[in-house]
Amino acid sequence: MIFEPAQPGRRDEQQRRAARRRIRETLAVRRAATVGGHGAAEPPDEPRVEPRAAGVTPGTGGRRAGTGVSNETVPLAEAVIDLAAIAENIRTIAAIARTGLMAVVKADAFGHGAVPVARAALGAGAAWLGVTSATEAVALRSAGIDAPVLSWLHRPDEDFTRLIAADVDIAVSTVTHLRAIADAATDLGVPAVVHLKADVGLSRNGASGDEWPELVAWARKHEAEGSLRVRGVWSHLTNADVPGCPSIARQLSTFQEALRIARKAGLDPDVVHLANSAAALAAPQTRFDLCRIGLAMYGVDPFGASGTRRYGLRPAMTLRSRVINLKRVPAGTGVSYGPDRVTDRPTTLALLPLGYADGLSRTAEGRASVWLAGRRCPIVGRIAMDQCVVDVGDLPVALGDPVVVFGPGAEPGSPDPAEPSAAEWARWAGTNPHEVLTGIGARVARVHLHGEAATS
């Protein structure tokens, strides 16, 4: 079915934002009226953003910066996030890609903290933010971030009114979703803004080739009726992390055909985007108007390199803890459950308060190491839920000594040993760095470095 009504006029952006502000205020009043007089407040449907606690500056031994007072709530482990590295990585990628950048802050910014990372990326020149869900998108808005946000995974019965009211762009892959979004926009009296997604080979979200013309036709109809605006057309590559792979050219051709069909139907997207981190760095033909930057923004090479830093990326997260117990043991001593490991010599075992609940994968057992006393020391025995054991041999280790589980790693070209990187942990665990970073548990405190200052 082909629809050919006239192209609708586009509202002035300021008027659209003002209308959405009025809608948000109206919805808030309705919610308040709903719970009024019932004696109990309705649970908020949007995440609250709590005030930041005063930060602990790394290297102060648990004391508040600038004081001599001990901090009684020092965590057992912390993930230190260098926001300057996030900003530097964005600028580095922008210089290579020479397009607009979307900073992908889904999954709490790969475990780094969505709000501070979003602010750092935007401050360094990123134009967009990308998230997976309505909850993530609304959390950014609740934190006062008003940059363009694209949200791309939704239930067909999602309450799209809160996304539309929050001025969040919505990715659409099916006619069912499109109709629900158009209905919600009609109810609100404000057009939704959508990005139509084509499937070019990943077989996940996105309209396949035989579904695409229908999705485009309905989008054109709803746009003509004024219920939505198609701002973007996009897709996702299957294997951009394999430079030169012939399938990239095939996927690009499929995407270009989808774009041609959309334009022929009368759509005029402002933003066309296909490239992820790997494609932004190494496949210039896929860049179009915007590149979506995830892993590379966090300083990890998307092509799997664990120490070369060939693109000048700086890892932003350092996972660290301290030694909480030491045991001098003879040869023949069993270590942890099983025991799967028995010492083959007299040695010292150091206990760390980190386990698989904190993100240390059990599949890394027998290969993983940490940085302690100026060198790499192996984790021995089974990694437990809350703790693991490190063999430090005869090193002069004391209770409370700092331990780095992973961090930036060695400087490019440096012959000196350094702490492991997240990419090395991924290799030891037989997974990818994305899983390592996003797997760092909630009880690991996040400490964000803003230059010399720190917040937690």
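The values are calculated or read from the model by the stated rules, or taken from the named source; none is laboratory data. Remember, predicted model here, so these are calculated numbers, not experimental data. Don't worry about glycine lacking a Cβ; one is built from the backbone with ideal geometry, like all the others, and counts go over all protein chains shown. With ligands, DNA and RNA removed, areas are computed over all heavy atoms of the protein, side chains included. Shrake-Rupley method; radii C 1.70, N 1.55, O 1.52, S 1.80 Å.
Going through the stretch 335-440, which chymotrypsin sites (Phe, Trp or Tyr not before Pro) have at most 14 other Cβ atoms within 10 Å and a DSSP loop state?
In loop regions of the stretch 335-440 (DSSP not H, G, I, E or B), the sparsely surrounded chymotrypsin sites (Phe, Trp or Tyr not before Pro) are Tyr337.
Loop-resident trypsin sites (Lys or Arg not before Pro) (DSSP state other than H, G, I, E or B) in the stretch 299-367 with no more than 12 further Cβ atoms inside 10 Å of their Cβ: Arg310.
Rolling a 1.4 angstrom probe over the protein heavy atoms, how many square angstrom per residue are accessible across the stretch 202-352? Provide the component values of the computation, followed by the final result.
Values: 6320 Å² over 151 residues.
Heavy-atom SASA per residue in the stretch 202-352 reads 42 Å².
The HN-Hα couplings worked out from phi for the stretch 365-379 by the Karplus form 6.51 cos²θ - 1.76 cosθ + 1.60 (θ = phi - 60°) are 4, x, 10, 6, 9, 10, 9, 8, 6, x, 7, 7, 10, x, 7 Hz, whole numbers, x standing for Gly and Pro. When every Cα-Cα distance of the stretch 287-357 is counted in 5 angstrom steps from zero, the calculated P(r) takes the values 3, 11, 14, 13, 10, 10, 11, 12, 8, 3, 3, 2, 1 percent.
Using a simple spin-label model with pseudo-atoms 7 Å out from Cα toward Cβ, Glu411 and Ser253 lie 4.8 nm apart.
Hey, can you rank 101-113, 185-197 by average C-beta count inside 10 Å, highest first?
Order by mean packing, descending: 101-113, 185-197.
In nm, to one decimal, how far is the Ala398 label point from the Lys327 one, both placed 7 Å along Cα→Cβ? Output for this residue pair reads 2.3 nm. Each Lys or Arg adds one and each Asp or Glu subtracts one; over the other residues with Cβ under 9 Å from the Cβ of Ala192, this totals 0. Of the accessible area of the stretch 300-456, computed with a 1.4 Å probe over protein heavy atoms only, carbon and sulfur atoms account for 53 percent.
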